[in-house]
Amino acid sequence: MATATLKTIEQNDNVGMFSICFDGSEESEFEKFLNEFKDNATYNRDFNVILLALSKIIDKGALERFFRNEGRMNDNVKALAIDSRKLRLYCLRISDQILILGNGGVKATRTYQEDSKLSGYVMDLQSFDKVLLKAQKSGKVTIEKNMITDIQSATFEI
């Protein structure tokens, strides 16, 4: 069984932005994405478009219009709605004020399901989405506006 924790990426009045760390890793899924693509000349434009979109979310909140559905109808998995044909960053949009950033990569297939790496990132987020909902229902964590309470101490079993 895998364990996951949440790391705070950004916290302001508009949004709480978090990312998942699996199995005691110091590096979050979002940081892995950053490290993989920050020096990649081929995807430099797409990477910068993603960073720009994230800065808009930091300024305005995780508003619906910044995302498009990626997972199934009953989950919160989204991708940034940007004009990038190549790079995808997957995330969980919990509310206008809570965003959990996952990992992403180069989309070379028509759908993420056709790419085992991207499909894995989406499935990780779908699993975490369910576990987070269960943790909320049981009172282990509380989501209030832009905060997830007890997030520093919470470990989730996936």
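The values are calculated or read from the model by the stated rules, or taken from the named source; none is laboratory data. For clarity, every value in this text was computed on a predicted model and none was experimentally measured. We place every Cβ from the backbone using ideal geometry, glycine too, and count neighbours over all the protein chains shown. Only protein heavy atoms, including side chains, enter the accessible area calculation; ligands, DNA and RNA are left aside. Shrake-Rupley method; radii C 1.70, N 1.55, O 1.52, S 1.80 Å.
Could you please state how large a percent of the accessible area of the chain is carbon and sulfur, counting protein chains only and using a 1.4 Å probe?
Numbers: 3970 of 8210 Å².
With neighbouring chains kept in place, the figure for the chain is 48 percent.
Pick from Tyr43, Tyr121, Tyr90: which is most flexible by mean-square fluctuation in a GNM of the chain where alpha carbon atoms under 10 Å apart are linked?
Result: Tyr43 has the largest fluctuation of those listed.
When only Cα pairs under 8 Å and 6 or more residues apart are kept, what is the percent relative contact order across the chain?
Values: 283 pairs, mean separation 40.5, N = 158.
Relative contact order here is 26 percent.
Per residue, how much accessible area does the stretch 49-158 show when a 1.4 Å probe rolls over the protein heavy atoms, in square angstrom?
Details: 5700 Å² over 110 residues.
Heavy-atom SASA per residue in the stretch 49-158 reads 52 Å².
Over what distance in Å are the Cα centres of the stretch 54-76 and the stretch 1-27 separated?
Using only Cα atoms to place each centre, the spacing works out to 17 Å.
If you plug each phi of the stretch 41-53 into the Karplus form 6.51 cos²θ - 1.76 cosθ + 1.60 with θ = phi - 60°, what whole-Hz ³J(HN,Hα) values come out, in order, with x for Gly and Pro?
Result, ordered by residue: 4, 4, 10, 4, 4, 5, 4, 5, 5, 5, 4, 5, 4 Hz.
Mind telling me which of Leu132, Leu52, Leu87 comes out most flexible in a GNM of the chain, alpha-carbon contacts under 10 Å?
Checking each option, the largest mean-square fluctuation is seen for Leu52.
Sum -39500 (n - 2.57) across every DSSP H segment of at least 4 residues in the chain, then divide by the residue count to get the 222 nm mean residue ellipticity, nearest 500.
It lands at -10000 deg cm²/dmol.
Where is the GNM fluctuation largest for the chain (alpha-carbon springs, 10 angstrom cutoff): Arg68, Arg88, Arg110?
Per the Cα network of the chain with a 10 Å cutoff, Arg110 tops the list.
Local charge sum around Ser138 (other residues, Cβ-Cβ under 13 Å, Lys/Arg +1, Asp/Glu -1)? Could you put the intermediate results ahead of the total?
Numbers: positive: Lys130, Lys134, Lys137, Lys140; negative: Asp150, Glu157.
Once positives and negatives cancel, what remains is +2.
Residues of the stretch 109-132 with the amide nitrogen closer than 14 Å to a label point 7 Å from the Cα of Thr42, along Cα-to-Cβ, please.
109
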